[in-house]
Amino acid sequence: MKQRHLGRSGLIVSRLALGTMTWGGDTDEDDAAAQLIAFREAGGTLLDTANSYVGGESERVVGRLLNDLVPREEVVLATKAYSVTGPGPMGRGTSRGHLLTALDASLRRLQTDWIDLWQLHAWDPVTPWDEALAAMDHAVQSGRVRYAGVSNYSGWQQGACAAWQRAVPGRAPLVSNQVEYSLLQRGVEREVVPSALDQGLGLLPWSPLGRGVLTGKYRNGVPGDSRGASQHFKEWMQPFLTDAAASVVDAVLTAADGLGVSPVAVALAWVRDRPGVVAPIVGARTNAQLQASLAAESVVLPDVVREALDDVSAPPVGYPEQMPRWSSADLER
């Protein structure tokens, strides 16, 4: 598997990341072990988790597997903090107290002395963002964290935080933003992508298969054993089960048929090679699903196919992201 720098940093990661959101839940430890081994054999290095996944069980499973199966130094380990970990106002968010307490708890569950990439999982509207960033500085300076990133930040949030960190020598620069990005979710192209390119952040797309819809399994209805059929995920899936989404899926299936590859490979190759993207994060419940994603490594979309997918999935863009062609006289009004 090819490797890429994460943004304008010295951290090098595989251009496909393995997500572990279901580990310790829908994915048992034996299946997780099989996935980790297959991922490493394919040359994958970036392993992503969070302290909130399955109530912390995902981190525990990752910790046990890294202790038993794969040398810690061979994996670029990423985790996140923000979500509720205890009662009261200090048990959530990005306050200094909560973040540093959450970091120590993650290190214990992961059975490691350091996190390669520690990410703020979401924007906290009630905590000053410079406080959160100062906590990340402390974590890096203490050696418990090597690189700092964010997740689900908008363009202005990402830009403001990245500029703040670069303003003073010694602060930990932000190197990444983990965002939802796929052929069915291209909203980040309006502000997040341009900001990331400007500030030197690498993008780590989550749900690069459009919450599973781009695999084509929902094309003829909602399978009974799918997330779309569950009460817990039903509303989360609905935005991608529309006629417009079906047109994009049809284009992916047509491209896959013409290229002789899977729809998974087409969807992953498209987002993997978008500007600013470093490594799409694939979260597989089973090893068979992971193998389908790993097969995308050798796929390069021809320009005509990529352009056709761009056109059919293009999001609406208007002012101010797309400026009209005004004359100088118009601008003087």
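We did not get these values from a lab; they are worked out from the coordinates using the rules stated. As the structure is a prediction and not an experimental result, all values here were calculated from the model. Here the Cβ is made from the backbone with ideal geometry for all residues, glycine too, and neighbour counts use every protein chain on show.
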Rh (Kirkwood; distinct C-alpha pairs) - segment 240-283, Å:
11.4 Å
Exposure proxy ranking, count of Cβ atoms within 10 Å, fewest first, for T22, T254, T27:
T254, T22, T27
Taking every other residue with Cβ under 12 Å from the Cβ of S142 and scoring Lys and Arg +1, Asp and Glu -1, one gets -1
Order of L117, L133 - criterion: other Cβ atoms within 10 Å of each residue's Cβ, fewest first
L133, L117
For the residue pair V300 and V168, what label-to-label distance in nm results when each label sits 7 Å from Cα along the Cα-to-beta-carbon direction?
4.6 nm
Using Cα springs under 10 Å in a Gaussian network model of the chain, which residue among Q35, Q165, Q185 shows the largest mean-square fluctuation?
Q165
Rounded to one decimal in nm, the spacing of the 7 Å Cα→Cβ label points at D104 and W156 is 3.7 nm
For segment 291-308, 3J(HN,Hα) per residue [Karplus equation, 6.51 cos²θ - 1.76 cosθ + 1.60, θ = phi - 60°, Hz, x = Gly/Pro]:
4, 5, 6, 4, 5, 6, 4, 8, 8, 10, 6, x, 3, 5, 6, 4, 5, 5
Largest first and in whole Å, what are the equivalent-ellipsoid semi-axes of segment 1-129 based on the Cα gyration tensor, each being the root of 5 times an eigenvalue?
26, 18, 12
What FRET efficiency comes out for N220 versus D198 if R0 is 45 angstrom and r is the Cβ-Cβ distance? Round to the nearest 0.05.
0.60
Three principal axis lengths of segment 127-231 [C-alpha, angstrom, descending]
55, 29, 23
Mean residue ellipticity (222 nm) of the chain, computed from DSSP H runs ≥ 4 via -39,500 (n - 2.57), nearest 500
-11500 deg cm²/dmol
Karplus-derived HN-Hα couplings along segment 17-23 (A = 6.51, B = -1.76, C = 1.60, θ = phi - 60°), whole Hz, x at Gly and Pro
10, 9, x, 10, 4, 9, 5
In units of 2.2 N^0.38 Å, what is the alpha-carbon radius of gyration of segment 187-226?
1.69
Length-normalised contact order for segment 51-162 - Cα pairs under 8 Å, 6+ apart - percent
26 percent
By average C-beta atoms within 10 angstrom, highest first, the peptides 65-75, 43-53
43-53, 65-75
Sort L309, L18, L268, L197 so that the residue with the fewest other Cβ atoms within 10 Å of its own Cβ comes first and the one with the most comes last.
L197, L309, L268, L18
Diffusion coefficient in µm²/s returned for the chain by Stokes-Einstein, Kirkwood Rh over C-alpha pairs, 37 °C and 0.692 mPa s, is 159 µm²/s
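Given an 8 Å cut-off on Cα distances and at least 6 residues of separation, report the relative contact order of the chain as a percent.
About 17 percent, as a whole number.
Quote to one decimal, in nm, the extra length available between E131 and E235 on full extension: 0.36 nm per residue of separation minus the C-alpha distance between them.
Working it through step by step, the gained length comes to 34.0 nm.
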